[in-house]
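Structure incoming, see below.
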Amino acid sequence: MDRTSMDVVLSQFDKTDVFDQSYPYYSIIEVASNNDPEVVPEDSERLLEFLASIEDHIHDGIVPRGETQAKEIWDLRENVANACIRYGYCLKYDVSLNTKDFNKIVEETRKVISNSSEFTDSEKQSIITNGYGHIGDGNLHLNITIPGFDDHDL
(Lines give C-alpha, C1' and ligand atoms only; values in the text may rest on other atoms or scores of the structure.)
Protein backbone atom coordinates (compact mmCIF):
# COMPACT_ATOMS: atom_id res chain seq x y z
CA MET A 1 0.00 0.00 0.00
CA ASP A 2 1.26 3.47 -0.74
CA ARG A 3 1.80 6.31 1.74
CA THR A 4 -1.38 8.06 0.63
CA SER A 5 -3.36 4.95 1.62
CA MET A 6 -1.70 4.94 5.02
CA ASP A 7 -2.36 8.67 5.51
CA VAL A 8 -6.07 8.42 4.69
CA VAL A 9 -6.52 5.53 7.15
CA LEU A 10 -4.62 7.34 9.90
CA SER A 11 -6.59 10.56 9.42
CA GLN A 12 -10.06 9.07 8.96
CA PHE A 13 -9.81 6.63 11.87
CA ASP A 14 -7.69 8.88 14.13
CA LYS A 15 -4.95 6.27 14.38
CA THR A 16 -1.27 6.65 15.13
CA ASP A 17 1.38 5.56 12.66
CA VAL A 18 3.02 2.28 13.67
CA PHE A 19 6.36 3.45 12.28
CA ASP A 20 8.58 6.25 13.59
CA GLN A 21 8.90 7.73 10.10
CA SER A 22 6.91 7.58 6.90
CA TYR A 23 7.79 5.51 3.85
CA PRO A 24 6.48 5.62 0.27
CA TYR A 25 5.21 2.01 0.41
CA TYR A 26 4.21 -0.61 2.96
CA SER A 27 3.92 -4.39 2.64
CA ILE A 28 2.49 -6.95 4.98
CA ILE A 29 4.04 -10.39 4.92
CA GLU A 30 2.04 -12.91 6.86
CA VAL A 31 3.37 -16.38 7.41
CA ALA A 32 1.34 -19.28 8.70
CA SER A 33 2.17 -22.92 8.95
CA ASN A 34 0.67 -26.02 10.46
CA ASN A 35 4.15 -27.37 10.90
CA ASP A 36 5.99 -27.23 14.21
CA PRO A 37 9.16 -25.15 13.58
CA GLU A 38 11.08 -27.60 15.75
CA VAL A 39 10.04 -30.42 13.41
CA VAL A 40 9.98 -28.60 10.05
CA PRO A 41 12.53 -25.77 10.25
CA GLU A 42 12.28 -25.25 6.47
CA ASP A 43 9.23 -22.98 6.95
CA SER A 44 11.28 -20.49 8.95
CA GLU A 45 14.24 -20.91 6.64
CA ARG A 46 12.13 -20.12 3.56
CA LEU A 47 10.91 -16.88 5.16
CA LEU A 48 14.46 -15.87 6.08
CA GLU A 49 15.67 -16.68 2.55
CA PHE A 50 12.87 -14.58 1.07
CA LEU A 51 13.63 -11.63 3.34
CA ALA A 52 17.32 -11.89 2.48
CA SER A 53 16.45 -11.78 -1.24
CA ILE A 54 14.57 -8.48 -0.85
CA GLU A 55 16.59 -6.87 1.95
CA ASP A 56 17.84 -4.06 -0.31
CA HIS A 57 14.22 -2.88 -0.58
CA ILE A 58 13.38 -3.08 3.13
CA HIS A 59 13.85 0.06 5.22
CA ASP A 60 11.98 -0.88 8.39
CA GLY A 61 9.85 -3.65 9.77
CA ILE A 62 7.61 -4.78 12.57
CA VAL A 63 7.24 -8.26 13.94
CA PRO A 64 3.96 -8.12 15.87
CA ARG A 65 4.09 -8.88 19.56
CA GLY A 66 1.00 -11.03 19.62
CA GLU A 67 -2.44 -11.19 18.06
CA THR A 68 -3.49 -7.68 19.14
CA GLN A 69 -0.62 -5.91 17.42
CA ALA A 70 -0.96 -8.13 14.35
CA LYS A 71 -4.64 -7.16 14.12
CA GLU A 72 -3.78 -3.45 14.47
CA ILE A 73 -1.36 -3.72 11.57
CA TRP A 74 -3.83 -5.64 9.39
CA ASP A 75 -6.55 -3.10 10.27
CA LEU A 76 -4.47 -0.38 8.62
CA ARG A 77 -4.54 -2.31 5.34
CA GLU A 78 -8.11 -3.58 5.67
CA ASN A 79 -9.51 -0.09 6.37
CA VAL A 80 -8.14 1.71 3.32
CA ALA A 81 -11.43 1.37 1.41
CA ASN A 82 -13.51 2.45 4.42
CA ALA A 83 -11.23 5.41 5.06
CA CYS A 84 -11.65 6.58 1.47
CA ILE A 85 -15.43 6.35 1.77
CA ARG A 86 -15.29 8.38 5.00
CA TYR A 87 -13.29 11.05 3.18
CA GLY A 88 -15.79 11.43 0.37
CA TYR A 89 -17.13 9.94 -2.84
CA CYS A 90 -14.80 7.15 -3.89
CA LEU A 91 -14.28 5.76 -7.37
CA LYS A 92 -12.81 2.28 -7.04
CA TYR A 93 -11.03 0.29 -9.70
CA ASP A 94 -9.47 -3.17 -9.53
CA VAL A 95 -6.66 -3.41 -12.03
CA SER A 96 -4.58 -6.47 -12.89
CA LEU A 97 -1.04 -5.66 -13.96
CA ASN A 98 2.60 -6.41 -13.30
CA THR A 99 3.60 -5.42 -9.79
CA LYS A 100 6.37 -3.23 -11.19
CA ASP A 101 3.61 -1.05 -12.68
CA PHE A 102 1.52 -0.65 -9.51
CA ASN A 103 2.78 2.82 -8.74
CA LYS A 104 2.95 3.87 -12.38
CA ILE A 105 -0.83 3.71 -12.82
CA VAL A 106 -1.38 5.64 -9.57
CA GLU A 107 1.06 8.35 -10.69
CA GLU A 108 -0.48 8.52 -14.18
CA THR A 109 -3.94 8.91 -12.64
CA ARG A 110 -2.63 11.75 -10.47
CA LYS A 111 -1.21 13.42 -13.59
CA VAL A 112 -4.56 13.20 -15.41
CA ILE A 113 -6.28 14.86 -12.45
CA SER A 114 -3.55 17.49 -12.14
CA ASN A 115 -3.79 18.36 -15.85
CA SER A 116 -7.59 18.33 -15.98
CA SER A 117 -9.51 21.50 -16.73
CA GLU A 118 -12.60 20.02 -15.03
CA PHE A 119 -11.36 20.85 -11.52
CA THR A 120 -10.14 24.01 -9.83
CA ASP A 121 -6.68 23.98 -8.25
CA SER A 122 -8.30 23.72 -4.83
CA GLU A 123 -10.37 20.73 -5.92
CA LYS A 124 -7.32 19.03 -7.42
CA GLN A 125 -5.47 19.40 -4.12
CA SER A 126 -8.34 17.79 -2.21
CA ILE A 127 -8.67 14.70 -4.44
CA ILE A 128 -6.98 11.63 -2.99
CA THR A 129 -5.57 9.08 -5.41
CA ASN A 130 -4.13 6.00 -3.79
CA GLY A 131 -3.19 2.43 -4.55
CA TYR A 132 -2.93 -0.77 -2.59
CA GLY A 133 -3.41 -4.38 -3.46
CA HIS A 134 -2.06 -7.87 -3.67
CA ILE A 135 1.51 -8.17 -4.90
CA GLY A 136 1.20 -11.96 -5.13
CA ASP A 137 -1.59 -11.93 -7.72
CA GLY A 138 -0.95 -8.58 -9.43
CA ASN A 139 -4.23 -6.97 -8.34
CA LEU A 140 -4.12 -3.24 -7.57
CA HIS A 141 -6.99 -1.39 -5.91
CA LEU A 142 -6.92 2.12 -7.37
CA ASN A 143 -9.06 4.65 -5.50
CA ILE A 144 -9.87 8.20 -6.52
CA THR A 145 -11.67 9.98 -3.71
CA ILE A 146 -13.39 13.33 -3.97
CA PRO A 147 -14.44 15.11 -0.76
CA GLY A 148 -18.02 16.05 -0.15
CA PHE A 149 -19.94 12.80 -0.09
CA ASP A 150 -20.82 12.40 3.56
CA ASP A 151 -22.90 9.26 3.95
CA HIS A 152 -20.65 7.52 6.49
CA ASP A 153 -23.05 4.57 6.76
CA LEU A 154 -21.82 3.15 3.47
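Testing Ala52 on (1) assigned to a loop (DSSP other than H, G, I, E, B); (2) exposed (fewer than 13 other Cβ atoms within 10 Å of the Cβ); (3) modelled with pLDDT of 90 or more, one condition comes back false. Which one is that?
It fails just one condition, (1).
Also, I was wondering about something else. Looking only at residues that are out of contact with any helix residue (DSSP H, G or I) (no Cβ under 7 Å at 6 or more places or on another chain) and not in a loop (DSSP other than H, G, I, E, B) in the stretch 127-140, which one is farthest from Val9 (Cα to Cα)?
Here the residue is Asn139.
Here's another thing I want to ask about it. If you check Ile29 against the conditions, is it touching a residue at least 24 places away in the same chain (Cβ under 8 Å), within 23 Å of Asp7 (Cβ to Cβ) and hydrophobic (A, V, I, L, M, F, W, C)?
No: the conditions fail for Ile29.
Looking at the stretch 90-99, is at least one residue among the basic types (Lys, Arg), surrounded by 12 or more Cβ atoms within 10 Å (Cβ to Cβ), free of Cβ contacts under 8 Å to residues at least 24 places away in the same chain and not in a loop (DSSP other than H, G, I, E, B)?
No.
Among the candidates Ile113, Ile135, single out the residue that is of a type in the set (A, V, I, L, M, F, W, C) and farther than 17 Å from Met1 by Cα.
Just one listed residue meets the conditions, Ile113.
Quick one: would you say Asp36 is modelled with pLDDT of 90 or more, part of a loop (DSSP other than H, G, I, E, B) and of a type in the set (Asp, Glu)?
Against the criterion (modelled with pLDDT of 90 or more, part of a loop (DSSP other than H, G, I, E, B) and of a type in the set (Asp, Glu)), Asp36 does not qualify.
Here's a check for you: in the stretch 1-33, which residue that is among the aromatic types (Phe, Trp, Tyr) and in a loop (DSSP other than H, G, I, E, B) is modelled with the lowest pLDDT?
Phe19
Restricting the search to the stretch 104-126, which residues are of a type in the set (Val, Ile, Thr), part of a helix (DSSP H, G or I) and free of Cβ contacts under 8 Å to residues at least 40 places away in the same chain?
Ile105, Thr109, Val112, Ile113, listed by residue number.
The values are calculated or read from the model by the stated rules, or taken from the named source; none is laboratory data. Computed from a predicted structure; not experimentally measured. All Cβ positions, glycine included, derive from the backbone under ideal geometry; neighbour counts span all protein chains shown.
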